[in-house]
Amino acid sequence: MEWLEIAAKAVPVVGFVGGIIGFCVRVWKELKQAKEGDMCVLRQLMLDIYYRHKDTKVIPEYEAKNFMLMYEAYKARGGNSFIDEVHNHVVTWELEV
């Protein structure tokens, strides 16, 4: 086989592999953006709960449970220590059942 024939057969394979790599990069970027968006929403929801009850330091049980679930999800996504401080306050509050 001549080198031109070999190159002609390799071009579609290289193009296919390049397409797969490009697709994977796009998916990875979109997943990263979705993760960051999730973290923003979780952080805001936790802060809403915190500021709504910080003066009385009494929190309804269902909101405390929701807060803890959001906190665990936030930390699993790599959340920072700012929310750790908020969490440390919320867990000391009285539960309203």
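The values are calculated or read from the model by the stated rules, or taken from the named source; none is laboratory data. Everything numeric here is computed off the predicted structure, so don't read it as measured data. Positions of Cβ are generated from backbone atoms using ideal geometry, with glycine treated the same way; all protein chains shown enter the neighbour counts. Only protein heavy atoms, including side chains, enter the accessible area calculation; ligands, DNA and RNA are left aside. Shrake-Rupley method; radii C 1.70, N 1.55, O 1.52, S 1.80 Å.
Worth a mention:
- Straight-distance candidates among the lysines for linking to residue 57, with alpha-carbon spacing under 20 Å and chain neighbours fewer than 8 residues away dropped: 65.
- Mean Cβ count within 10 Å, highest first, over the residues of peptides 82-90, 49-57, 25-33: 82-90, 49-57, 25-33
- A helix-only calculation puts the chain at -28000 deg cm²/dmol for mean residue ellipticity at 222 nm, using -39500 (n - 2.57) for each DSSP H run of at least four residues, averaged over all residues.
- Environment charge of residue 63, counting only residues whose C-beta is closer than 14 Å and scoring Lys/Arg +1, Asp/Glu -1: 0
- Taking all protein chains into account, the per residue accessible area for the chain stands at 74 Å² (1.4 Å probe).
- When only alpha carbons are used to place a centre, region 37-58 and region 59-96 end up 8 Å from one another.
- Potential lengthening of the chain between residue 16 and residue 36 amounts to 4.2 nm, from the contour at 0.36 nm per residue minus the alpha-carbon distance.
- Where the alpha-carbon atoms of the chain are placed on the principal axes, they occupy 82, 22, 15 Å, in descending order.
- Within the accessible area of the chain (1.4 Å probe), percent carbon and sulfur: 63
- Kyte-Doolittle mean at least -1.0 and Cα axial length at least 27 Å: DSSP H helices in the chain: 3-53
- Spin-label pair residue 82/residue 44, simplified geometry with 7 Å Cα→Cβ offset, distance in nm: 1.3
- Note on region 17-82: with charges restricted to the Cβ of Lys and Arg (+1) and Asp and Glu (-1), its dipole about the Cα centre is near 220 debye.
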